Amino acid sequence: MAVTRIVCVAGARPNYMKIKPVMDALERHGADVVLVHTGQHYDESMNDVFFRDLGIRPPDRYLGAGSGTHAQQTGRVMAAFEPLLDELSPDAVVVVGDINSTLACALVTAKAGPLLAHVEAGLRSRDWSMPEEVNRVATDRVSDYLLAPSPDAAANLRAEGYREDQVHVVGNVMIDTLLANLERARASDVLDRYGLTRGRYGLVTLHRPANVDDPDALRGLLKALGGIAGRCPLLLPVHPRAAERLAAIGVPAGIRLVPAAGYLDFIALQDGARVVLTDSGGVQEETTALGVPCVTLRENTERPVTVREGTNVLAGTDPDRITATVNRVLDDPPAPRCPALWDGRASERIARVLLEGGTARTRARPTDLAPGATSGPA
């Protein structure tokens with residue numbers, strides 16, 4: 001075994017579903033796994049309930065980063081992670097997704113010397129105004145292992161010049177977690193609690209700054225949702241960052257606001273919905289795996305495979321276009337389709353890559369040239 005101690009980093013709700021199966025697979029193969037929680041998400045509705053639902057053990061280390069601007073948050077995570085990494089001396093660090101904690105721990109790891117693995121590498125929205133896009137690109141650049149969820153993500157990496165030994169198409173770890181917990185989710189009583197009938201409601205999520213921080217943009221989205229709710233009642237579990245803004249503007253009739261849901265309840269709500277409207281990347285993937293029609297309330301997506309090979313439709317943010325798109329989906333739902341390797345075994349493939357891939361002393365590092373390549377004009 002080339003790698004023995006591996007630090008796995010999680011910091012916010014989107015990370016938890018991705019890191020759990022990777023930790024489990026590494027431990028099954030004998031690795032010493034240390035779970036570090038940066039504390040980027042820290043309230044109960046975004047944090048503790050997910051650890052309980054997913055059966056994630058308490059973090060071995062907690063950094064307590066908290067909220068703040070992008071620079072403040074990234075800097076606090078880096079300052080806390082640097083001495084911890086020196087203390088732990090791992091062979092490798094695994095970061096997942098595209099949040100500020102992902103980039104912060106990636107930069108510290110790259111300077112400290114252990115191998116760095118990025119789960120969900122190669123996703124690209126082509127939208128440089130999205131902080132997540134900057135985090136994704138910068139994290140990929142300093143990573144030794146680029147663990148791509150789908151062939152299109154790997155194609156992005158190859159087009160950007162990464163070596164073949166860095167790029168591995170492993171599948172989607174989010175789907176590992178979904179499939180492992182689907183029967184438990186379907187046993188949830190959340191539909192009964194909210195008086196919902198399977199296939200008779202729509203589910204909405206809103207959290208991206210471009211959608212909820214701009215009052216005019218949020219009003220436009222609510223206008224569209226109000227029109228849709230006249231045909232299909234909508235349930236909107238409220239993300240903490242959107243709660244005050246929604247309360248200030250007010251929501252149209254037919255849209256029911258409820259508290260943020262835990263993992264199992266939220267999967268059950270997706271699974272039972274007639275349609276899901278979202279600005280979340282993870283929800284685009286989960287609905288595709290569930291075969292549930294999804295309408296994405298963004299102008300772009302870093303997960304185009306969910307549109308090409310799944311049930312996702314990109315609607316943009318114009319209210320009239322959103323309404324027309326949702327009505328079309330309700331009239332003629334897309335047929336269920338699921339991309340290759342979204343089979344519940346992505347974490348096993350990741351573990352094999354990490355444990356068989358060599359060490360920081362034996363592997364080429366991120367800026368080493370491929371055999372036969374030159375560094376510039378002859």
Cross-link reach list, aspartates and glutamates versus LYS111, counting only Cα pairs under 17 Å and skipping chain neighbours closer than eight places: GLU82, ASP86, GLU87, ASP91, ASP140, ASP144, ASP368
Within the accessible area of the range 233-378 (1.4 Å probe), percent carbon and sulfur: 53 percent
Amide proton proximity set for LEU277, modelled H, under 5 Å, gap of 5+: LEU203, VAL204, THR205, VAL295
Folded to 0 to 90 degrees: helix 13-28 orientation relative to the chain principal axis, Cα: 40 degrees
Separation between Cα centres of the range 132-183 and the range 280-322, rounded to whole Å: 19 Å
Surface share of carbon and sulfur [accessible, 1.4 angstrom probe, percent] for the range 1-129: 51 percent
Degrees, to the nearest 10: 319-331 long Cα axis against longest axis of the chain: 80 degrees
Charge dipole (debye, nearest 20) of the range 109-246; +1 at Cβ of Lys and Arg, -1 at Cβ of Asp and Glu: 520 debye
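Loop only per DSSP, at most 14 neighbouring Cβ atoms within 10 Å: give me the trypsin sites (Lys or Arg not before Pro) in the range 206-291, ordered by residue number.
Numbers: sites: ARG219, LYS223, ARG231, ARG241, ARG245, ARG256, ARG274; in loops: ARG231, ARG274.
Answer by residue number: ARG231.
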Where the chain is the region considered: accessible area per residue in Å², 1.4 Å probe: 40 Å²
Over the chain: helical MRE at 222 nm, DSSP H runs n ≥ 4 each giving -39500 (n - 2.57), nearest 500: -13500 deg cm²/dmol
Options (i) 20.6, 71; (ii) 21.6, 84; (iii) 19.3, 64 - which one matches Rg and Dmax of the Cα atoms in Å as calculated here: (i)
Sparse-neighbour loop sites [trypsin sites (Lys or Arg not before Pro); the range 120-203; at most 14 other C-beta within 10 Å; DSSP]: ARG126, ARG198, ARG200
Under 15 Å from LYS20, Cα to Cα: aspartates and glutamates that are on another chain or at least 8 residues apart: ASP32, ASP48, ASP53, ASP60, GLU120, ASP176, GLU348
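The values are calculated or read from the model by the stated rules, or taken from the named source; none is laboratory data. Quantities reported herein were computed from a predicted structural model and do not represent experimental measurements. All Cβ positions, even for glycine, are placed from backbone atoms using ideal geometry, and neighbour counts span all protein chains on display. Remember, those area values only see protein heavy atoms, side chains included, never the ligands or the DNA or RNA. Shrake-Rupley method; radii C 1.70, N 1.55, O 1.52, S 1.80 Å.
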